[in-house]
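No lab work stands behind these numbers, since they all come straight from the coordinates. Just so you know, these numbers come straight off a predicted model, no measurement behind them. Heads up, the Cβs are rebuilt from the backbone with ideal geometry, glycines too, and the neighbour counts pull from every protein chain shown.
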Amino acid sequence: LSAIRIAPSILSADFARLGAQVSEVIAAGARVIHVDVMDGHFVPPITMGPIVVSALADEVHAAGALLDVHLMIERPERQVAEFAKAGADSITVHAEATPHLNYALGAIKEAGANAAAAVNPGTPASVLGEVGDLLDMALCMSVNPGWGGQPFLSSSLDKLARLRALLPASAAIEVDGGVDVRTAGACARHGANVLVAGSAIFGQADPAAAYAAIAQAAGA
Ligand code: DX5
Ligand code: ZN
C-alpha cells in the first residue's frame, strides 16, 4: 500500500446521522473509514463496539471502501474475532494493551482481517520490529489516545520515519491524532501512507470539503 490515503475517523462524527456522515466522505473519495473503539480501561472513554462496525459494513463495502478498526481496549486478543465477524477489514491492537502482541496479531489474521499494531507516543517504535513480519500496518499515535481534537505531537514525525525504516515495505504506516491540513504533508513526507483525521473532517461544517483539503495537503 504505497498510495497515500486519508482515513476519516467517525469518532468526531454526528452519531445521530452516522450513515449519512460516512456517505459524505465516501462520496468525497474516502476509501478507508477509521473506527475508534475505546473500553473505559485502556483509555478513559467508552465509545462503540462490533454492532457499530456491523451497522456500517454494508454501506462501506458496497462503495469499495474498507473499515479500519482501531482497538483502544485491554486484552484485544479476546475481541478480534467479533470485530472481524462484524466486518472489520483491518484491526489494530495496541502494543501496550496486551502481553501477547504476537498472538493477538496472529488471531487477527486467523479471523481473516489485516493485522496492525499501534504504539502510543511514549512507546518506542522498536517494539514493532519484533512483530514486523506479521504486520500489514503499523499505527503511530501522534496524540495520547482517548480523545479527538488534540494537537499533533511533533516528535511523531521522526518516529514515523523510524517505523518506515524498521518495517518491511509491505507494511503500511498509519498516523493518528492531530492530522489536519497543516500537519498532513509532513506526515506523508515522513513515511505515513494512511492518515487518520477526525475533528479536521467531521468537526468541520463541510466534511467533504475538509476531506478534499487534507487529501490535497497530503499529496493523496
Ligand atoms: C484518538 C483516536 C483518533 C481520533 C483522532 O484516540 O484514535 O482516531 O479520532 O482525532 P483527531 O483527528 O481529531 O486528532
Ligand atoms: Zn484512532
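A few remarks follow.
- Residue in segment 85-99 that is free of Cβ contacts under 8 Å to residues at least 12 places away in the same chain, assigned to a loop (DSSP other than H, G, I, E, B), on the phi < 0 side of the Ramachandran plot and not aromatic (Phe, Trp, Tyr) present: yes
- Residues within segment 1-42 that are in contact (Cβ under 8 Å) with a residue 40 or more places away in the chain and not polar (S, T, N, Q), tallied: 25
- Test result for VAL143, in a loop (DSSP other than H, G, I, E, B), more than 26 Å from ALA55 (Cα to Cα) and not aromatic (Phe, Trp, Tyr): yes
- Residue in segment 129-137 that is touching a helix residue (DSSP H, G or I) at 6+ places or on another chain (Cβ under 9 Å), crowded, with 18+ Cβ neighbours inside 10 Å, of a type in the set (Gly, Ala, Ser) and more than 17 Å from LEU11 (Cβ to Cβ) present: no
- The number of residues in segment 109-127 that are buried (at least 23 other Cβ atoms within 10 Å of the Cβ) and either without any contact (Cβ under 8 Å) to a residue 12 or more places away in the chain or within 19 Å of PHE42 (Cα to Cα) (or both) comes to 3.
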